[in-house]
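What follows is a short report on a single structure.
Only the coordinates and a few stated rules stand behind these numbers; no lab work does. Note that the structure is predicted; figures quoted are calculated from it, not measured. In this analysis, Cβ positions are derived from the backbone assuming ideal geometry, glycine residues included, and neighbour counts consider all displayed protein chains.
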Amino acid sequence: MSSTPLVSPVSNFIRTVIDGDLAAGRHSSIVTRFPPEPNGYLHVGHAKSICLNFGLAEDYHGKCNLRFDDTNPEKESCEYALSIQEDVRWLGFQWDGAVHWASDYFDDLYHYAVELIGKGLAYVDDLTPEEMREYRGTLKEAGKNSPYRDRTVADNLDLFARMKAGEFADGAKVLRAKIDMASPNINMRDPAIYRIRRAHHIRTGDKWCIYPMYDYTHCISDALEGITHSICTLEFEDHRPLYDWVLDNLSIACHPRQYEFSRLELQYTITSKRKLLQLVNGKLVSGWDDPRMPTISGMRRRGYTPAGIREFSRRVGVSKSSNNVDMAIMEGAIREDLEAIAPRVVAVINPLKVTITNFEGALTREADFHPNHPEFGRRMVAFGSELVIEADDFSEVPPAGWKRLTLGGEIRLRHSYVMRCDEAIKDAEGRVVELRCSIDHATLGKNPEGRKVKGVIHFLSVQHALPAEIRLYDRLFTVASPDADKEVDFCNYLNPASLNVVQGWVEAVVQDAAPETRYQFERLGYFCTDRRDHQQGGRLVFNRTVTLKDSWTKEQN
């Protein structure tokens with residue numbers, strides 16, 4: 001069963017730019033790129049960027065490259081790179097041609113740096129990092145020139161070649177662009193474009209001991225790949241002049257244009273890779289794919305659908321204004337997709353034993369997997385003398401308007417009989433542990449005569465049901481913006497009730513469900529078989545993806 005297709009794309013300022021470029025003949029087709037650094041797993045903010053860049057390429061019949069920014073070897077790994085590729089594919093997208101890497105261009109980047117030196121636009125600096133910060137100035141005060149800024153072209157070419165050859169210690173020298181130390185934009189105050197770093201690289205091994213900086217690498221990589229629209233988040237807006245300066249001063253025919261949109265901030269979670277890694281390393285979650293994590297792999301494991309995430313991205317839109325989004329918008333998009341694609345079965349997650357005193361044996365009735373999709377088929381629902389119901393569906397002292405089971409009261413069992421509760425059995429602590437009930441044999445598939453029964457509850461026949469581990473996931477944090485207060489450790493806001501593991505019961509029809517199979521558990525929510533721990537035909541493990549309704553907002557008010 002596949003997810004529902006997307007509706008028509010929503011217009012935004014980037015689409016307006018593209019429409020104008022194509023109409024004016026500046027481009028005959030578009031080429032975008034998604035450029036993650038392989039230093040962690042992708043999160044929901046990256047999902048929005050993936051949907052934007054790949055979605056534009058699809059809609060305009062263009063191309064989108066996947067290019068890894070692998071210029072910081074100490075933090076990067078093949079594990080992260082492989083996970084990113086899997087995430088992009090799972091979301092329903094495919095990059096053009098082979099995967100691209102910034103390291104594909106290390107030789108080119110070096111030669112372009114030599115070109116800048118030859119033009120007198122780059123120099124080797126010996127200042128320490130602390131001295132560089134001091135010389136850089138502040139937002140209110142201009143910086144001052146390094147004493148090494150006026151080295152000759154010949155000296156700079158010699159020193160840069162020796163940097164590459166490994167003659168100097170890590171951090172002893174950097175190559176800086178020579179721009180303007182008095183620029184009001186601090187990014188233009190002679191930024192470093194190469195540093196010495198002896199670190200093993202996941203692709204080039206130990207070939208290089210100097211590595212280019214991101215701002216220098218990114219624009220050249222875009223140009224070499226023929227990118228037409230380089231789309232990034234708003235924090236790079238102040239870096240755009242440097243992007244243009246590098247390309248304006250090199251012998252590269254292609255000059256992509258950079259456009260920025262506001263990054264996604266999803267409430268009740270965090271989207272900082274560093275802080276997500278802190279949760280993983282501190283074992284505050286089970287890993288990058290913990291279903292409470294905002295990572296794409298975590299959302300996938302929880303049961304979110306690719307179509308639901310793509311629809312969420314469409315709904316939040318693309319703009320330059322703040323993009324602080326309520327979690328309910330994400331859950332709503334997921335819920336709507338699951339409503340259309342998830343077959344319905346019965347589960348009991350807080351079981352209370354029910355003994356039917358006037359029934360022996362067993363019977364089965366057919367029920368639809370989905371009331372609006374007959375093509376999903378039907379399954380057999382069993383009834384027996386020993387049942388389990390949700391404990392929350394019984395109350396000895398019911399509140400006003402109660403429409404479920406109570407002593408002396410009647411309800412209808414879903415797909416079955418009208419049942420009356422005759423007796424409640426309690427344990428030594430006074431807790432109800434069993435109900436003794438009777439059924440009206442004349443009410444199978446029809447209403448009782450002479451009386452009206454309002455409530456309907458679900459049940460399972462103990463003889464025919466299967467035990468299952470059910471993981472009830474909730475929001476990871478108790479506050480909407482856990483990292484807003486820089487004076488408070490965001491971990492203080494972790495939700496202690498974000499995971500509750502219970503032993504429940506499910507219909508036997510799910511026994512052979514493969515990992516990542518989604519269901520609606522009637523009256524309880526949407527659930528997904530765990531992609532790691534669930535065993536088809538064996539151990540049954542279900543993750544709660546989302547409740548049937550948005551109950552969180554009501555509980556917090």
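Things worth noting here:
- Normalised by 2.2 N^0.38 Å, where N counts its residues, the alpha-carbon radius of gyration of the chain equals 1.25.
- Span from the region 327-396 Cα centroid across to the region 414-470 one, whole angstrom: 13 Å
- Residue-count net charge about Tyr148 - beta-carbon cut-off 10 Å; Lys, Arg +1, Asp, Glu -1: 0
- Neighbour-limited loop hits for GluC sites (Glu not before Pro), region 456-526 (at most 12 other Cβ within 10 Å; DSSP other than H, G, I, E, B): Glu487
- Using a Förster distance of 35 Å, the FRET efficiency for Asn447-Lys426 (Cβ separation, nearest 0.05): 0.60
- Taking 0.36 nm per residue of sequence separation and removing the Cα-Cα distance, the Glu469/Glu79 pair yields an extension gain of 137.5 nm.
- Helix screen, the chain: no DSSP H segment has Cα axial length of 30 Å or more and mean Kyte-Doolittle hydropathy at least -0.5.
- Extension gain for Lys275-His61 works out to 73.3 nm (0.36 nm per residue, less the C-alpha to C-alpha distance).
- Between Arg378 and Trp402, the C-beta separation translates, for a Förster distance of 30 Å, into a calculated FRET efficiency of about 0.40.
- Mean separation of Cα contacts under 8 Å (6+ apart) over length of region 351-464, as relative contact order %: 30 percent
- Square roots of five times the Cα gyration tensor eigenvalues for region 114-213, Å: 24, 15, 12
- Of the GluC sites (Glu not before Pro) in region 94-193, those whose Cβ has at most 11 other Cβ within 10 Å and which sit in DSSP loop: Glu141
- Note on Thr204 and Cys491: with the Förster distance fixed at 51 Å, the Cβ-Cβ geometry gives a FRET efficiency of about 0.90.
- Centre-to-centre separation between the Cα atoms of region 265-283 and those of region 519-537: 25 Å.
- Chymotrypsin sites (Phe, Trp or Tyr not before Pro) restricted to DSSP loop in region 388-441 with at most 12 other C-beta within 10 Å: none
- Taken over the Cα atoms of region 161-246, the convex hull encloses 124 Å³ per residue.
- Rh by Kirkwood over Cα pairs, then Stokes-Einstein D for region 272-382 at 0.692 mPa s and 37 °C, µm²/s: 183 µm²/s
- The chain: calculated mean residue ellipticity at 222 nm from DSSP helix runs of at least 4, using -39500 (n - 2.57): -7500 deg cm²/dmol
- Unsatisfied cross-links (Cα-Cα over 32 Å) in the set Lys63/Lys283; Lys140/Lys486; Lys353/Lys549; Lys320/Lys486; Lys164/Lys275; Lys48/Lys75: Lys63/Lys283; Lys164/Lys275
- Legend: translational diffusion of region 351-464 by Stokes-Einstein, Rh = Kirkwood radius over C-alpha pairs, 4 °C, 1.567 mPa s; D = 87 µm²/s.
- Three-way shape call for region 1-105 based on the alpha-carbon gyration tensor, with the a/c threshold at 1.5: oblate
- Stretched out straight at 0.36 nm per residue, the stretch from Lys119 to Arg15 would grow longer than its current Cα-Cα span by 33.7 nm.
- Test item: Cα-centred dipole of the chain, Lys/Arg +1 and Asp/Glu -1 on Cβ, debye: 860 debye
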